[in-house]
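One structure is given below, encoded as C-alpha cells.
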Amino acid sequence: MSGNLAMDSHAPAFLSVHDIHAYYGESYIVQGVSFNVHEGEILALLGRNGAGKTSTLRTIARLDDPLLMKGEIWLDHKHLHTMSSHEAAVNGIALVPEDRRIIPGLTVEENLQLAQIVEPIGWGIDRIYELFPRLGERRKQEGVTLSGGEQQMLSIARALARDIKVLLLDEPYEGLAPVIVDEIEKTLQTIKAQGITTIIVEQNAVRALELADRSVIMDTGSVVFDGHAKEVLDNAELRAEYLAI
C-alpha cells in the first residue's frame, strides 16, 4: 500500500531529504528515501524493525555509517549532503541515539557544560533546568547513575545546550514507564513551541503518532507512506500492514 507521497507545495521545506541511498558495507539499507519536514514540525519516522529508520536518521546526521552514496539533504537552504558530521552539527543537527551516550565520570552539569564548551551558543543551563527540573535537582550527580528516564532527559538537554535547528530522536521511549514518557512528550511539545524541528523514530508507534504532526512510514529501506499522523491513526489496514498494530 502506498500513501500520499505528494509534498506540500504551499510552504518551503525546512529540512528536505531527496532520494538518498546509503549502505553499511555491501548492505543496501536506505533505498531512495525522500521526505520534507517543515520548521517546528514533529515528524514520526516509523516502520518495522530493519526498515531503515535509524539508518535514515544517521544519514541525516552525516555519520559515516551508513555511508551516503547518492541523494541530497538540505537544511534551511544549506546542503547537508556534502558536510561531515561535525559540520552538520555546527549547522544545527543534533542526534540523540538510542544508547544515549552519557559520559561516565561526569556529573549532569558537566555533561551539559561539555556540550557548551564544544559550541557555546545554545540554551543556557539555567533555562535547561527550568525545562528539566529533575536534572536541576541532580546537577551534581554522575550522569550514568541516573534512572533511564533521567538519562534520556539529559541526552535531550545536552542536545539543546548547543544551537540546534533539528532534533533527531532514536527510540526515546524505550524501557521507560508511561509516566516518564508523558514527561518527555510534554518537553518535546515545549521544544516544538520554540521552533525546533523534531524527527522521532519510535517502536511505540501510537504514542509517537499522537505526538507528531506528520508521519513517514518506511518498509525495507523505502518510504511507503508520507502524510498526516492522524491518517495513520485512523487507518487500521495501514497500521496492521506496516506497523503491526
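The values are calculated or read from the model by the stated rules, or taken from the named source; none is laboratory data. Small disclaimer: the values here were computed from a predicted structure and weren't measured. All Cβ positions, glycine included, derive from the backbone under ideal geometry; neighbour counts span all protein chains shown.
So the values come out like this:
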quantity	calculated
Subset tally (residues that are farther than 15 Å from ASP126 by Cα and outside any loop (DSSP other than H, G, I, E, B)) for segment 160-174	5
Residues that are touching an Asp or Glu at 6+ places or on another chain (Cβ under 7 Å) and in a loop (DSSP other than H, G, I, E, B), drawn from segment 196-221	GLU202, GLN203, ASP213
Qualifying strands (runs of 3 or more DSSP E) (wholly inside segment 1-106; at least 1 residues being at positive phi, among the small types (Gly, Ala, Ser) and at pLDDT 95 or above)	27-37, 67-75
Test: residue in segment 144-155 that is in contact with a helix residue (DSSP H, G or I) (Cβ under 6 Å, 6 or more places away or on another chain), surrounded by fewer than 22 Cβ atoms within 10 Å (Cβ to Cβ), assigned to a helix (DSSP H, G or I) and without any contact (Cβ under 8 Å) to a residue 12 or more places away in the chain	no
Neighbours by Cβ (under 9 Å, 6+ apart or cross-chain): first from segment 170-191, touching a residue at least 60 places away in the same chain (Cβ under 8 Å); second crowded, with 18+ Cβ neighbours inside 10 Å and charged (D, E, K, R)	ASP170/LYS53; ASP170/ARG58; ASP170/GLU202; GLU171/GLU202; PRO172/GLU202; GLU174/GLU202
SER34 being under 19 Å from LEU15 (Cα atoms) and touching a His at 6+ places or on another chain (Cβ under 6 Å)	yes
Test: residue in segment 206-220 that is within 25 Å of ALA22 (Cβ to Cβ), in contact (Cβ under 8 Å) with a residue 60 or more places away in the chain, surrounded by fewer than 22 Cβ atoms within 10 Å (Cβ to Cβ) and not basic (Lys, Arg)	yes
